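In what follows, a structure is listed as structure tokens, so that the remarks can point back to it.
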Amino acid sequence: MKRTPESRAPADAETRKGVKPVICYPVDTLPVPDMALYSAARQKMKLMEEVVVPPRDAATFRVAAGNFFRIVSIQGPQVGDLNLWAATDLSERFYSGKTRALHGTHLSTWDRMWSSFPHMRPMATITHDTLDWYGFDTFGAGVHDVIGTRCDPYTGLLLSGHEYHRCCHSNLTRALASETGLSLDLAEPHVHDVLNVFMCTGFTHDTHQYFMKASPVRPGDFIEFFAEIDLLGALSTCPGGDCSSEHSSDAAACFPLKVEIYQADPGILANWSPPEPSAYSRRHGK
Ligand SMILES: [Zn+2]
């Protein structure tokens with residue numbers, strides 16, 4: 001829908017629009033991950049566990065702080081929706097919006113997944129991404145976005161009038177309920193905006209609408225994370241498959257994804273410890 005402005009532009013409209021933007025959160029002062037340490041720790045890491053997420057479903061996994069996990073494409077191009085929580089506190093969870101504000105619309109190697117207030121610390125650091133060659137294409141699309149939310153039954157019902165229960169929001173809700181013993185009603189509010197793993201997305205140049213296109217991921221591709229804190233993760237295999245046409249239905253070809261948990265080389269990380277929660281005093285001006 002193209003909106004027609006109802007207000008008349010002022011005489012200095014072009015001057016106002018011509019003001020140069022500034023970066024909201026310059027990252028010069030953002031603490032950087034110890035890349036040399038993480039690179040060394042992943043050299044001799046050992047595969048400990050594998051979790052296969054069936055198509056149009058979700059599964060949970062746990063990773064101890066100081067270990068690594070990978071999300072791997074195994075049978076065909078497939079997008080995954082990732083949620084992360086602190087293993088012992090579901091109120092500390094991945095904060096997609098702040099991560100976007102700090103790292104941009106799409107994540108790749110050495111970007112971090114930040115947790116919600118009042119914790120605000122890195123939950124995971126991306127240590128390898130076989131799709132980092134993609135960058136941004138001519139449509140403005142990139143891979144692994146933090147601009148979408150997750151496909152959900154509410155928006156589907158609003159737009160189509162039909163209920164669909166295999167969307168990522170519902171998949172993640174069922175998986176979290178099963179993992180924690182919570183009812184579906186109690187588990188649902190803990191499901192949050194995701195990292196859209198392998199999803200290729202952007203905003204259209206003309207109307208700035210959220211778009212998706214066929215993911216460039218192929219079997220063998222993976223994205224790898226260092227767990228900064230003890231994590232509970234949930235991964236949904238999006239019913240959109242490679243998200244080339246539609247989601248929220250059984251129409252798209254859909255494939256499993258694999259989560260691999262790796263033990264880091266313990267000698268390398270002997271002096272490493274998980275990041276502390278934010279030191280903000282929480283006085284809020286009182
Ligand atoms: Zn989805």
Over its Cα atoms, what ratio of radius of gyration to 2.2 N^0.38 Å does the stretch 187-237 give? 1.50
The long-range amide H neighbours of M48, using H built 1.01 Å from N in the peptide plane and a cut-off of under 5 Å, are I261, Y262, Q263
Under a point spin-label approximation (7 Å from Cα along Cα-to-Cβ), what is the S249-D89 distance to one decimal in nm? 4.4
Please give the peptides 229-241, 247-259, 168-180 ranked by average Cβ packing (other Cβ atoms within 10 Å per residue), highest first, as a rough proxy for protection. 229-241, 168-180, 247-259
Per-residue HN-Hα couplings for the stretch 58-72, Karplus 6.51 cos²θ - 1.76 cosθ + 1.60 at θ = phi - 60°, whole Hz, x for Gly and Pro? 9, 9, 9, 7, 10, 9, 6, 3, x, 10, 10, 9, 10, 10, 10
Across all Cα atoms of the stretch 127-259, Rg and the largest Cα-Cα distance (Dmax), in Å, are 15.5, 46
In the structure shown, of K44/K258; K98/K213; K20/K286; K20/K213; K98/K286; K46/K213, the pairs separated by more than 27 angstrom at the C-alpha atoms are K20/K286; K20/K213; K46/K213
Would you report the distance distribution of C-alpha pairs in the chain as whole percents per 5 angstrom bin, up to the bin with the largest distance? 1, 5, 11, 15, 18, 16, 13, 9, 6, 3, 2, 1, 0, 0
Where a ≥ b ≥ c are the square roots of the eigenvalues of the C-alpha gyration tensor, would you call the stretch 220-286 rounded, which needs a/c under 1.5, or, failing that, prolate if a/b is larger than b/c, or oblate? oblate
Local net charge near E276, Cβ-Cβ under 11 Å (Lys/Arg +1, Asp/Glu -1): 0
Heavy-atom accessible area per residue, the stretch 35-131, 1.4 Å probe: how many Å²? 36
Would you kindly calculate the translational diffusion coefficient of the stretch 100-159, applying Stokes-Einstein with the Kirkwood radius from alpha carbon pairs, for 20 °C and a viscosity of 1.002 mPa s, and quote it in µm² s⁻¹ without decimals? 159
I'd like the distance separating the alpha-carbon centroids of the stretch 218-286 and the stretch 17-80, in whole Å. 5
Just from its helices, what would the mean residue ellipticity at 222 nm be for the chain, if runs of 4 or more DSSP H residues each count -39500 (n - 2.57) and the sum is divided by every residue, rounded to the nearest 500 deg cm²/dmol? -4500 deg cm²/dmol
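The values are calculated or read from the model by the stated rules, or taken from the named source; none is laboratory data. The structure presented is a predicted model; accordingly, all values stated were derived computationally and were not measured. FYI the Cβ positions are ideal-geometry reconstructions off the backbone, even for glycines, and counts take in every protein chain you see. Heavy atoms of the whole protein, side chains included, go into the accessibility calculation; ligands, DNA and RNA do not. Shrake-Rupley method; radii C 1.70, N 1.55, O 1.52, S 1.80 Å.
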